[in-house]
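Have a look at the structure below before the remarks.
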Amino acid sequence: MIPSKQTREPVQPVVLTTERLMLRRWRREDIPAMLPLIGAREVAATTLRIPNPYTQEDAEKFLEYCDGVWEKDEGARFAIFLRDGEQLVGGIGLVVNRQHNHAELGYWIGVPFWNHGYCTEAVRAALDHGFATLKLHRIYATHFANNPASGRVMQKLGMKHEGIMRQHILKWGEFMDVEMYGILAEQWLR
């Protein structure tokens, strides 16, 4: 059954907390901390949609998009901070398709924060939010085949490998294979 707007909690700016992280709505004042992290070529190389270079204008357009996602009840886009709220670590979001009651999960972590488990912790919080608060039926995510670390995050959290889309994305002049993972509410909420 697909929840109606009246039966599910409204999608409002929320703060999610984990043991080490705080996820909150992006703000304009985050741009100075965001640019050096998201602007790293290594980050862009591991993501499907982040360009390089990443400019102030890109950041402003992204934040406008994020505001629209919240206002139109089309998902949730969060900045990921260390729990004290002082240090930006990355970003994460769910883009919801209400017709099919599913969402695409996307995330990035700044290079200085790789290999600390922050991504797994943030994805766990986003999955909890998607299933418990947004009442989604399914959440899926993709990653480049040459970024197995992202796949390990998905596997650790119980997402199932659903296939490979061969040469699916053109990134920097090269067609890249994309791996797809998904998880259902009934699997997550057990």
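State all residues of region 29-44 that are of a type in the set (A, V, I, L, M) and free of Cβ contacts under 8 Å to residues at least 40 places away in the same chain; if no residue qualifies, say none.
Answer for region 29-44, where residues must be of a type in the set (A, V, I, L, M) and free of Cβ contacts under 8 Å to residues at least 40 places away in the same chain: Ile31, Leu35, Ala44.
Exactly one of (1) closer than 25 Å to Phe113 by Cα; (2) modelled with pLDDT under 95 is unmet by Glu9. Its number?
(1)
Among the residues of region 12-25, count how many are within 20 Å of Phe131 (Cα to Cα), at pLDDT 95 or above and surrounded by 14 or more Cβ atoms within 10 Å (Cβ to Cβ).
Here the count works out to 7.
Could you tell me whether any residue of region 135-157 is among the small types (Gly, Ala, Ser), surrounded by fewer than 13 Cβ atoms within 10 Å (Cβ to Cβ), out of contact with any Leu (no Cβ under 9 Å at 6 or more places or on another chain) and under 21 Å from Asn52 (Cβ atoms)?
yes
Looking only at region 92-107, which residues are surrounded by fewer than 17 Cβ atoms within 10 Å (Cβ to Cβ) and among the hydrophobic types (A, V, I, L, M, F, W, C)?
Val95 - this is the single residue of region 92-107 that is surrounded by fewer than 17 Cβ atoms within 10 Å (Cβ to Cβ) and among the hydrophobic types (A, V, I, L, M, F, W, C).
Filter region 113-136 down to the residues that are over 13 Å from the mean Cα position of the chain (by Cα) and of a type in the set (Gly, Ala, Ser), then identify the one that is nearest to Met34 (Cα to Cα).
Checking each candidate, the answer is Gly117.
Starting from region 8-23, take each residue that is over 19 Å from Val96 (Cβ atoms) and list its partners that are at pLDDT below 95 and in a loop (DSSP other than H, G, I, E, B), counting only C-beta distances under 7 angstrom and pairs at least six apart or across chains.
Met22/Gly85
Could you look through region 134-148, keep only residues that are without any contact (Cβ under 8 Å) to a residue 60 or more places away in the chain and of a type in the set (A, V, I, L, M), and pick out the one that is nearest to Phe175 (Cα to Cα)?
Ala145
Please count how many residues of region 137-180 are closer than 20 Å to Thr120 by Cα and either of a type outside the set (Asp, Glu) or more than 16 Å from the chain's Cα centre (by Cα) (or both).
27
All but one of (1) in contact with a Phe, Trp or Tyr (Cβ under 6 Å, 6 or more places away or on another chain); (2) part of a loop (DSSP other than H, G, I, E, B) hold for Ala141; which doesn't?
(2) is the only condition that Ala141 fails.
Suppose we filter region 88-99 for residues that are touching a residue at least 12 places away in the same chain (Cβ under 8 Å) and either touching a Phe, Trp or Tyr at 6+ places or on another chain (Cβ under 6 Å) or farther than 19 Å from Met22 by Cα (or both); how many remain?
Residues in region 88-99 being touching a residue at least 12 places away in the same chain (Cβ under 8 Å) and either touching a Phe, Trp or Tyr at 6+ places or on another chain (Cβ under 6 Å) or farther than 19 Å from Met22 by Cα (or both): 8 in total.
Just a yes or no: is a residue in region 108-124 among the acidic types (Asp, Glu), buried (at least 16 other Cβ atoms within 10 Å of the Cβ) and in contact (Cβ under 8 Å) with a residue 24 or more places away in the chain?
Yes, region 108-124 contains a residue that is among the acidic types (Asp, Glu), buried (at least 16 other Cβ atoms within 10 Å of the Cβ) and in contact (Cβ under 8 Å) with a residue 24 or more places away in the chain.
What do you reckon, is Leu82 surrounded by fewer than 19 Cβ atoms within 10 Å (Cβ to Cβ), within 26 Å of Ala59 (Cα to Cα) and either among the charged types (D, E, K, R) or free of Cβ contacts under 8 Å to residues at least 24 places away in the same chain (or both)?
Criteria not met by Leu82.
The values are calculated or read from the model by the stated rules, or taken from the named source; none is laboratory data. These numbers were taken from a predicted model, which means no experiment stands behind them. Because the Cβ atoms are built from the backbone with ideal geometry, glycine has one as well, and the counts that use them run over all protein chains shown.
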